[in-house]
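What follows is calculated from the coordinates using simple rules that are stated; it is not laboratory data. Fair warning: this is a prediction, and the values are worked out from it, not measured in the lab. Cβ: placed from backbone, ideal geometry, glycine included. Neighbour counts: every protein chain shown.
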Amino acid sequence: MQMAPKSIRQKIKLGFYFLLLCILAMAGLTYGIVNEVEYKLETLEIIDDFLNMTLEVRRFEKNYFLYGKEEDYLDNTAFLNELGKHLLENEKVLTPIMGKEVYNDLWSAVQEYKENIKRLHGMNTAGLVSPIPGKERLQVENTIRVIGKKLTDIAEQSSKNKRQKIKKLLGTTGLVLFFSVLLFIFLCIFFATLLGRDIVKSFKILEDHTKRISRGDFMLAPVSVNDEEIKSLLQAFNRMTRELRMHQRQLVQSEKLASLGTLLSGVAHELNNPLSNVSSSAQILAEDLDELDDNFKKDLISQVLEQSDRARDIVRTLLEFSRISEFAWQELSLKTLIEKTITLIRGQAPSNVEINLDIPADLKITVDKQRMQQVFINLIKNAIDVIGENGRIWISCREIPRKTKGRREVEILIEDNGPGIPEEIRDKIFDPFFTTKDVGHGSGLGLFIVHDIIEMHGGSIRVETRTGQGTTFIIWLPDRPVDSGEKS
């Protein structure tokens, strides 16, 4: 059993050869029809010549009957001989057209006509010496007229039949050509559809995965096609996807490490307070353990445990943020997530800076915890950098219900009362490597990665700002079920 072609090139060749075969078949059919029409036209010319000779014979016959001139008789005889010669020369052509019996009857009629016209001529010649009875002459003339009419009728009927056949053949030729063109068009569409089906399907796969990559979803395209060229293209696309996924991880991780560098001093400050409390409580217990009453001892031990847990939570949050992880959807309390984020960054803010939260305690979002925490760190840290010693930051969230299918969105606002963003750079803030900070104080990737992470979650972010009146970053995140699958 012959295997189906596995490459587009082979399919194109196969389709081309098949269409070429169809074209040759249609050309051969058309050529045969044209030859048939040409043959019938040639036979029609023979019949028309026969008809014209018969008409000439009849014309000189009438003249001879009327005037009895010798030259009319000679012309009649000459055309009659030509007619007989014409019948003999074209016997093979006329016999299939008229039929053997009709042809033989026609030949007999010509011979009979010759005999009667000679007889009439003999009567006219003899009449010059002695008169011929008029009745006998009239009988011969009537016989000649009947035979002449018979010759004329046969010639006219044969010509009429042949013309009808040619007309019918031309009509058939038109139908054949019409349906041949329709068949050719159908075959072209069929092969184009057959050839393009897998190609269009494969390009649709590429288009869908390109859209997913633009949202940060680096899923590999399935290579489940038979065409070698398309399979090679999909494999190359998947190699590109792997490279993009690797570089995207490296980019996010590098920005994360840069953020860690700036967070460490603040985290150290945050750790210092609980550690100091633990140290003080431990010293009191060590110095006056025997003299302290039991309730006070329990209170000191409780403080040690409480401050140890606080220090542990700070370190755990920092470790969770710094760890490299795959994209994983989790349903989280938005308020808790932002509070933990503020814990990491609080040490970077001047003591007089206020960070106010207006977040419902029961509001949950389904996101990748680590990446969304990086979004909040970057936005809050940027706000701290611009508001100065006595600035304020407001973080508010609300749920926006949707009318269709019961879905919802979460709107998150991060506002500050800083100087705002100058108009000339507002369109550039999400561009990679764009920064207004001094060299060594910013990579220019913070807002770019924020924008990228929000799009990974299927959301959007925009900024509203007025010079001297502060800036507001507005984030919309769509609802997503926890069991909807993980991203690669």
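Quick notes
- Gyration tensor verdict on the range 8-201 (Cα atoms; rounded if a/c is under 1.5, prolate if a/b is larger than b/c, oblate otherwise): prolate
- Extension gain for Ser396 to Glu115 (0.36 nm times residue separation, less C-alpha to C-alpha distance): 88.5 nm.
- Under the Karplus curve 6.51 cos²θ - 1.76 cosθ + 1.60, θ = phi - 60°, whole-Hz ³J(HN,Hα) for the range 76-86, x wherever Gly or Pro sits: 4, 5, 4, 5, 5, 5, 4, 5, x, 4, 4
- Pairs exceeding 31 Å between alpha-carbon atoms, taken from Lys369/Lys428; Lys201/Lys364; Lys92/Lys135; Lys204/Lys364: Lys201/Lys364; Lys92/Lys135; Lys204/Lys364.
- Residue order, fewest to most surrounding Cβ atoms within 10 angstrom, among Phe203, Phe186, Phe60, Phe191: Phe186, Phe203, Phe191, Phe60
- Taking 7 Å steps out from each Cα toward its Cβ at Glu411 and Glu82 produces label points 10.6 nm apart.
- Per-pair calculated FRET efficiency, R0 = 25 Å: Asn52 and Ala27 via Cβ, rounded to 0.05: 0.10
- Added length on full extension, which subtracts the Cα-Cα distance from 0.36 nm per residue, Arg466 to Leu20: 153.5 nm
- Calculated FRET value between Lys160 and Gln330, using beta carbons and R₀ = 60 Å, to 0.05: 0.05
- Panel order for Thr30, Thr465, by other beta carbons found within 10 Å of each beta carbon, from fewest to most: Thr30, Thr465.
- By the count of other C-beta atoms within 10 Å, a proxy for reagent exposure, Ser279, Ser351 are ordered fewest to most as Ser351, Ser279.
- FRET efficiency for Phe65 and Lys167, using Cβ-Cβ distance with R0 set to 51 Å, rounded to 0.05: 0.85
- Separation of the Arg9 and Phe190 label points, Cα + 7 Å toward Cβ, nm: 2.7 nm
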